[in-house]
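The values are calculated or read from the model by the stated rules, or taken from the named source; none is laboratory data. Computed from a predicted model, the values in this text were never measured in an experiment. Cβ atoms come from the backbone with ideal geometry, glycine included; neighbour counts cover every protein chain shown. Each accessible area value is taken on the protein alone, full model and side chains, heavy atoms only, with ligands, DNA and RNA left out. Shrake-Rupley method; radii C 1.70, N 1.55, O 1.52, S 1.80 Å.
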Amino acid sequence: MTIRLLRTADLAEKIRQKTQGKEAPLIGIKPNLVTPSPAQFGATTHPEIVEGILLYLKEQGFHNLLILEGSWVGDQTAQAFEYCGYQRLSEQYEVPLFDTQKDTSFPVRCSDSMKDLTLHLCSCVSRIDFLINVPVLKGHCQTRMTCALKNMKGLIPNSEKRRFHSLGLHRPIAALNSCIRQDFIVVDHICGDPDFEEGGNPLIRNRIFVSEDPVLTDAYACRELEIVPTEVEYLMLSQSLGIGSCDLNEALITALSDPAEEDKSQTPLPALMHKSLRLNYATEELESCSACYSCLTQALNRLDEEGLLRILTDKMHCRFCIGQGYRGQSCKDQAFIGIGNCTRSFQKNIPGCPPSEDDIYNFLKSFISASC
Ligand code: SF4
């Protein structure tokens, strides 16, 4: 599927035009390996898609290739490369893997309406002549969805990822995309999780699509997830910065498969779609990192499935406080449970940066047992 799409889109010609005949341009391929989890769980890019890209590029005479990624804070990219099948790809096709978590960085002053913001980008970004983004179309417990625009976060250092959360995520994600131009996008819409960024509830779609506009790509992803684009703040901000257009009515969409046949085989989105939003009604979030928030959501999901979440929230009136905004704040109220090291001054605190899903789940379960 990937090779057929790339041939139809004539990616090789786009690379030649952008790099203007440069001998051996460096082509960066950026998958989403947020966490060491195989693609079938719905969080990470299928290595088969990247393999298709490598085969196509080599067939077209491009051999100076680099697969680059940095997992989220709390996980190691090297493990994700190994578990997700990229180590094998690297050896088989002799394409190096580059861990952006280990890279140096350089500051970039954003332009125009974001000029008060200086971002730090991984140094490797400045070496890439042509960037191919290979995101997974999936839901996200903080930003509703993630696809092309948010996947660029893998190209900033960990310290900057934390800072993005302290800045509210949406504005810096839009600003980041005004600093890094992704030249081509291959979207993995095989089985992304419509609810959680780290997967676990894959929804099979068996689709791949390509695009040159990251904003249009994300608007299309919203449609697939039945989300109104205006609910995704960074998408609207990116459009206002001129990064691309959300207007799907103006888009020229070419289907290589028969849409009527495809529609027949699609299962509807699950009724519990956007479950993460429903679960977090008792969460007091203030600038939390994705990994931290996600571990909390998954722990709450487990408690909810066991019928325990309502005991915590309705009978014990617990609230879950999470995020960098709580640093230095103390709280003696036992009902306010601090999640992570940022809330270490809370009397009830679950330590870790981030604390694991198991740690949160076990702590809350013991808290119920001790109190009831
Ligand atoms: S404790 Fe959580 S919110 Fe605070 S810095 Fe660590 S991962 Fe981020």
Treating the Cα atoms of the chain as identical point scatterers in vacuum, please give the log10 of the normalised Debye intensity I(q)/I(0) at q = 0.07, 0.12, 0.13 Å⁻¹, two decimals.
-0.31, -0.90, -1.05
Determine ³J(HN,Hα), in whole Hz, for all residues of segment 248-253 in sequence, where each value follows from phi through the Karplus function 6.51 cos²θ - 1.76 cosθ + 1.60 and θ = phi - 60°; x replaces Gly and Pro.
5, 5, 8, 7, 9, 10
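What does the charge dipole of the chain about its Cα centre add up to, to the nearest 20 debye, if the Cβ of each Lys and Arg holds +1 and the Cβ of each Asp and Glu holds -1?
My answer is approximately 960 debye.
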Ala78 versus Lys14: modelled label distance in nm, points set 7 Å from Cα along the beta carbon direction
3.4 nm
Using θ = phi - 60° and the Karplus relation 6.51 cos²θ - 1.76 cosθ + 1.60, list the HN-Hα couplings for segment 204-219 in order, rounded to whole Hz, with x at every Gly or Pro.
6, 10, 6, 10, 10, 9, 10, 6, 10, 10, x, 6, 4, 4, 6, 5
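Based on the alpha-carbon gyration tensor of segment 280-335 and its eigenvalue square roots a ≥ b ≥ c, which shape applies: rounded if a/c is under 1.5, prolate if not and a/b is larger than b/c, or oblate? List each step's numbers first, then the result.
Working: a/c = 3.00, a/b = 1.31, b/c = 2.30.
Judged from the Cα gyration tensor, segment 280-335 comes out oblate (a/c at least 1.5, b/c at or above a/b).
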Let me check something: with ligands and nucleic acids excluded, how do Leu256, Leu169 order by accessible area (1.4 Å probe), largest to smallest?
Leu256, Leu169
From the phi angles alone, apply the Karplus equation (6.51, -1.76, 1.60; θ = phi - 60°) to segment 27-42 and give each ³J(HN,Hα) in whole Hz, x where the residue is Gly or Pro.
9, x, 10, 10, x, 10, 10, 4, 8, x, 9, x, 4, 5, 7, x
State the Kirkwood hydrodynamic radius of segment 151-207 in Å, one decimal place, computed from all pairs of distinct Cα atoms.
13.3 Å
Treating cross-link reach as a plain straight distance, find the lysines whose alpha-carbon is under 22 Å from the alpha-carbon of Lys14, omitting any fewer than eight places away in the same chain.
Lys22, Lys30, Lys58
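Tally Lys/Arg at +1 and Asp/Glu at -1 over every other residue whose Cβ is under 9 Å from the Cβ of Cys342; what's the total?
My count for the surroundings of Cys342 gives +1.
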Return the percentage of antiparallel bridges among DSSP beta bridges fully within the chain, rounded to the nearest 5 %.
35 percent
Distance from segment 118-158 to segment 348-372 (C-alpha centre basis), Å
32 Å
Local net charge near Lys153, Cβ-Cβ under 10 Å (Lys/Arg +1, Asp/Glu -1):
+1
How large is the Rg to Rh ratio of segment 275-371 when both quantities use alpha carbon positions and Rh follows Kirkwood?
0.92
